[in-house]
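Read-outs throughout are calculated quantities, based only on the coordinates presented, and are distinct from any laboratory measurement. Please read all numbers here as calculations on a predicted model, not as lab measurements. Every residue, glycine as well, gets a Cβ built from its backbone with ideal geometry; the counts of neighbours run over all protein chains shown.
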Amino acid sequence: MIDPDSRAATRLRDERVIWLTTVRKNGQPQTSPVWFLWDGATFLIYSKPDVGKLANITANPRVSLNLDGNGQGGDIVVLEGTAALAPDAPPAHEHPAYVAAYAPLIKRNGWTPESFASDYSVALRITPTRVRAW
């Protein structure tokens, strides 16, 4: 779906924050910045339990993900997809690629990998169904 040699693929490998949009039961979109891991086919996101985005996904698994642009209307990446709980995913602190990607941010926020995994204990997997990049 995403050419692994494309600028979009490079950004998905290198960026640390992506904007996740879910939809409330009343139809109101809700956008949140999240940390993510892109494996070339799906996104892995860890969430706090009992937050709105999880209730939204339970009611409507259709989501969108957006990377910030370059401030001049370019380098835009927008993905549409479906989200689901990922009970098979290891806790964040047991996922070497996730820890490697986010260790500086985890430390900067005063967590250890273990305390982050305790706070963000719910794994989500998002499978893209459509990609738009320009």
Next on the checklist: I'd like to check something: does region 44-53 contain any residue that is touching a residue at least 12 places away in the same chain (Cβ under 8 Å) and more than 16 Å from the chain's Cα centre (by Cα)?
Outcome noted: no
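Could you tell me which residue of region 1-28 is surrounded by the fewest Cβ atoms within 10 Å (Cβ to Cβ), considering only residues that are hydroxyl-bearing (Ser, Thr, Tyr) and over 22 Å from residue 88 (Cβ atoms)?
Among residues in region 1-28 that are hydroxyl-bearing (Ser, Thr, Tyr) and over 22 Å from residue 88 (Cβ atoms), the one surrounded by the fewest Cβ atoms within 10 Å (Cβ to Cβ) is 10.
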Next on the checklist: I'd like to check something: does region 81-101 contain any residue that is out of contact with any Cys (no Cβ under 7 Å at 6 or more places or on another chain), without any contact (Cβ under 8 Å) to a residue 24 or more places away in the chain and surrounded by 15 or more Cβ atoms within 10 Å (Cβ to Cβ)?
Outcome noted: yes
Item to check | Qualifying positions in region 1-54 - among the basic types (Lys, Arg) and not in a helix (DSSP H, G or I) | outcome: 16, 24, 25, 48
Item to check | In region 83-109, the residues that are closer than 16 Å to residue 39 by Cβ and either in contact with a Ser or Thr (Cβ under 8 Å, 6 or more places away or on another chain) or aliphatic (A, V, I, L, M) (or both) | outcome: 83, 84, 86, 89, 92, 97, 99, 100, 101
Checklist outcome for this item: Flagged in region 67-90 as more than 15 Å from the chain's Cα centre (by Cα) and either closer than 20 Å to residue 20 by Cα or small (Gly, Ala, Ser) (or both), in numbering order, are 69, 70, 71, 73, 74, 75, 76, 87
Item to check | Only listed residue being under 22 Å from residue 5 (Cβ atoms) and either out of contact with any strand residue (DSSP E or B) (no Cβ under 9 Å at 6 or more places or on another chain) or exposed (fewer than 15 other Cβ atoms within 10 Å of the Cβ) (or both), chosen from 112, 129, 31, 58 | outcome: 129
